[in-house]
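Asks: Just passing along the structure, written as structure tokens.
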């Protein structure tokens, strides 16, 4: 669910394979198992990067602290999804600390690039991408109200009783704790992704 972090961690725009890696990283959740072999090697690299980022994130002790806080607050198996959304919020909110590019400029560039590759995306991604770009999800993540709307949207597609629509209240009540977890974790994730990209 953390589109912003994945897209941001796709490497340098100057890299020859950047557009392919970015596409693979963006659509990886909709490419199950070995179906990645249907794509060019550089797109496959983006899919593998996405999966590695997810594994690193899920296993990191600082992220586990966040997810445990969410489980204690009653979000059960959805704690990981909610934590991912919180990470994107803090990245968007503090984007200038991690990039020389402004967040509005970054989002415009990313949407324009992905739009040129839309026909290569799995049908599910082709379906939601125009909505994502039109409503500028990536930029909106900086706002807690928008995070609340996104979580409410996810809750409608989740099992009954997920309570994800209330998770923004948990974010606001424990904001400093979640931000501290983000600040402890994200530089390590950046370094890990950079190593993977070579």
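Where a number appears in this text, it was derived from the coordinates with a stated rule and is not lab data. All of these numbers come straight from a predicted model, not from anything done at the bench. Virtual Cβ from ideal backbone geometry, glycine too; neighbours counted across all protein chains shown.
Asks: If you take the beta carbon distance between residue 173 and residue 118 as r and set R0 to 35 Å, what does 1/(1 + (r/R0)^6) give as a FRET efficiency, to the nearest 0.05?
Replies: Calculated transfer efficiency: 0.35.
Asks: If you don't mind, another one. Along the Cα→Cβ direction, 7 angstrom out, place labels at residue 145 and residue 51. What is the inter-label distance in nm?
Replies: Going by the 7 Å Cα→Cβ label model, 4.1 nm.
Asks: Could you work out how much longer the chain between residue 96 and residue 135 gets when fully extended? Use 0.36 nm per residue separation minus the Cα distance between them, nm to one decimal.
Replies: 11.9 nm is the gain from fully extending residue 96 to residue 135.
Asks: Now a separate question. Be a star and scan the range 71-114 for residues whose amide nitrogen sits under 20 Å from the point 7 Å along the Cα-to-Cβ vector of residue 166.
Replies: Within reach of a label on residue 166, which here means backbone N under 20 Å from a point 7 Å along Cα→Cβ, the range 71-114 contributes 71-86.
Asks: How big is the Cα convex hull of the range 56-198 in projection, averaged over all directions, in nm²?
Replies: Approximately 9.4 nm², given one-decimal rounding.
Asks: Calculate log10 I(q)/I(0) of the range 1-77 for q = 0.13 Å⁻¹, where I(q) comes from the Debye formula with a single equal point scatterer on each Cα and nothing for solvent.
Replies: Values, matching the q order: -0.46.
Asks: A further question follows. With r as the distance between the Cβ atoms of residue 14 and residue 152 and R0 = 35 Å, compute the FRET efficiency 1/(1 + (r/R0)^6) and round to 0.05. Display every interim value, and only then the final one.
Replies: Values: r = 38 Å, r/R0 = 1.10.
Given R0 = 35 Å and the Cβ-Cβ separation, E is 0.35.
Asks: I've got another one for you. Along the Cα→Cβ direction, 7 angstrom out, place labels at residue 128 and residue 68. What is the inter-label distance in nm?
Replies: Taking the two extended label points, one gets 3.0 nm.
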